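Derivation of every value follows stated rules applied to the coordinates shown; laboratory data play no part. Note that this is a predicted model, so its numbers are computed, not measured. All Cβ positions, glycine included, derive from the backbone under ideal geometry; neighbour counts span all protein chains shown.
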Amino acid sequence: MPASDPRPALVWLRDDLRLADNPALTGAVEGGRPVVLAYVLDEGRQTRPLGGAARWWLGRALADLSRAVAARGGTLVLRRGDPAAIIPALAEAVDAESIHWNRRYDAPQIAQDAALKEALKAAGRTVKSHNGTLLHEPWTVKNQSGGPFKVYTPFARAAQQQPVRAPLPEPSTLRFAPAPASEALADWHLTPSAPDWAGGLRATWQPGEDGARATLTRFLKEGLAGYAENRDRPDLENVSRLSPYLRFGNISPHQVLAATRHAEAAGTAGAKDAAKFVAELYWREFSYHLLYQFPTLASANFNPRFDGFGWASNAAHERAWQRGRTGYPIVDAGMRQLWQTGWMHNRVRMIVASFLIKDALVDWRRGEDWFWDTLVDACPANNPASWQWVAGSGADAAPYFRIFNPITQGEKFDPDGAYVRRYIPELARLPAEAIHKPWAAKPDVLRRAGVTLGLTYPHPILDHATARERALARYEAIRG
């Protein structure tokens with residue numbers, strides 16, 4: 001860079017809170033320019049406001065990134081408000097030659113970015129957007145007709161035939177320009193205090209780039225072997241727990257994919273296990289591609305036939321589900337895990353979603369909204385795509401008649417009851433043969449276990465067999 005042109009590059013960070021494999025950051029420093037890093041808390045002006053658990057994660061991740069930037073001699077500039085005003089003002093304040101960001105894929109954010117790009121260019125600044133979130137851009141994976149895929153398996157097959165770039169290292173020549181004063185992260189009140197309900201989240205997670213690396217390393221060493229066979233077992237540890245790190249960009253899918261392929265090549269991961277885990281990465285991709293093509297994924301049925309579905313309105317059933325008090329142990333264990341840790345095992349997510357939608361006949365959007373508020377990995381693509389998949393209203397959806405039986409699901413995937421005992425301690429002394437259906441246990445079995453149905457643990461709020469028939473009848477009414 002000529003000495004006569006010391007103007008910096010401004011990097012607008014969003015869902016990419018990391019220094020390594022950050023194409024926007026790498027692109028900003030490629031010309032030898034110093035950088036200014038900024039994060040803007042939009043608070044839902046153009047996008048869906050973050051839920052409580054996600055706000056907690058964001059606060060911790062921003063604090064971690066701020067420390068990492070400070071250790072390298074810089075400042076992460078924090079601003080709260082409308083990016084349409086804040087980003088041009090920051091660019092003006094530092095006289096940025098260029099502005100870089102990694103692309104987002106839902107309609108309001110795309111519109112926001114497009115308008116900002118035009119305004120910044122009109123002010124004489126260079127604007128460059130990059131791909132730091134997905135393995136493949138949504139417009140690059142098309143079916144034979146040139147349109148988007150609506151079924152996962154052919155999508156994944158086509159996408160995996162395309163090349164994927166290697167992860168980028170953290171820039172070795174990272175220099176920081178003088179930055180404007182930053183707002184104080186504590187003033188954003190992202191961490192709950194009255195009351196402080198985040199104790200379980202703090203005990204479970206280490207948000208940030210270092211936590212993401214440690215989680216990936218642990219999974220590759222301890223969880224990937226046996227993943228294909230055991231990933232549906234919530235009582236085991238054959239899951240990655242990388243979803244919140246991917247959601248906030250503390251790690252990239254390119255880093256995860258490359259590390260998995262390396263483990264497979266080194267012989268520390270079997271081909272079957274690696275393939276199944278990679279398939280999960282591509283479900284995330286598929287969800288983002290759906291969101292790009294169908295911006296109302298969280299609010300409208302992908303399949304409009306479900307617009308006429310006869311949902312019930314039972315606040316008591318919905319509340320019992322939220323509190324983990326349905327009387328079905330595998331459902332209640334999942335909902336309590338969610339409340340305590342901000343996360344839930346994927347198999348159990350399907351079980352609890354099926355129970356709410358098909359047993360209780362509560363609109364899937366109500367469940368999606370609850371997950372949005374309580375999940376640390378609440379993702380604008382994955383969350384609604386997965387809820388619609390269970391509901392039967394989505395792309396490549398599970399058949400509506402696939403209604404999970406919470407008893408047999410518990411017995412199959414938590415055979416010894418270890419998962420239920422962990423999150424429902426009042427049932428901990430029940431034997432395995434009774435723990436997934438305590439109402440069917442003999443009185444002396446309940447007595448020895450210290451369980452009094454209706455007092456220490458609730459009776460089932462509904463009968464699954466009856467609810468199943470009711471759900472199927474409602475579905476038949478819209479089949480046409």
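Label positions at residue 447 and residue 463, each projected 7 Å from the Cα along the C-beta direction, are separated by 2.8 nm.
Normalised by 2.2 N^0.38 Å, with N the number of residues, the alpha-carbon radius of gyration of the stretch 304-479 equals 1.02. Bridges between two residues of the chain, per DSSP, are antiparallel at a rate of about 0%. Straight-distance candidates among the aspartates and glutamates for linking to residue 442, with alpha-carbon spacing under 16 Å and chain neighbours fewer than 8 residues away dropped: 433.
Between residue 80 and residue 164, residue separation times 0.36 nm minus the direct Cα-Cα distance comes to 26.8 nm. Modelled spin-label separation between residue 271 and residue 72, with each label point placed 7 Å from Cα along the Cα-to-Cβ direction: 3.9 nm. When only the Cβ of Lys, Arg, Asp and Glu is charged (+1, +1, -1, -1), the dipole of the chain relative to its Cα centre reaches about 580 debye.
Cβ crowding within 10 Å, taken as a proxy for footprinting-reagent exposure, orders 248, 355, 401 from fewest neighbours to most as 401, 248, 355. Two numbers describe the Cα atoms of the chain: Rg and Dmax, which are 23.9, 87 Å. Extension gain for residue 197-residue 222 works out to 6.0 nm (0.36 nm per residue, less the C-alpha to C-alpha distance). Under Stokes-Einstein, with the Kirkwood radius over Cα pairs as Rh, the value for the stretch 9-132 at 37 °C and 0.692 mPa s is 222 µm²/s. Here the relative contact order of the stretch 265-423, from alpha carbon pairs under 8 Å that lie six or more residues apart, stands at 26 percent.
Positive contributions from Lys and Arg (+1) and negative ones from Asp and Glu (-1), summed over other residues with Cβ under 11 Å from the Cβ of residue 286, come out at -1. Under 19 Å of direct C-alpha separation, and excluding same-chain neighbours fewer than eight residues apart, residue 437 reaches these aspartates and glutamates: 235, 332, 359, 411, 414, 416, 426, 463. Taking a sphere under 11 Å around the Cβ of residue 277 and counting the other residues whose Cβ falls inside, with K and R at +1 and D and E at -1, yields a net charge of +1. Count Lys and Arg as plus one, Asp and Glu as minus one, and take only other residues whose Cβ is under 12 Å from that of residue 461; the net charge is then -1. A Förster radius of 56 Å combined with the Cβ-Cβ distance from residue 401 to residue 183 puts the calculated FRET efficiency at roughly 0.60.
Using a cut-off of 28 Å between Cα atoms, the listed pairs 142/221; 221/412; 128/150; 121/142; 128/276; 272/358 include 142/221; 128/150; 121/142; 128/276; 272/358 as exceeding that distance. Inter-label distance, residue 107 to residue 157: 3.1 nm, where each label sits 7 Å from its Cα along the C-beta direction.
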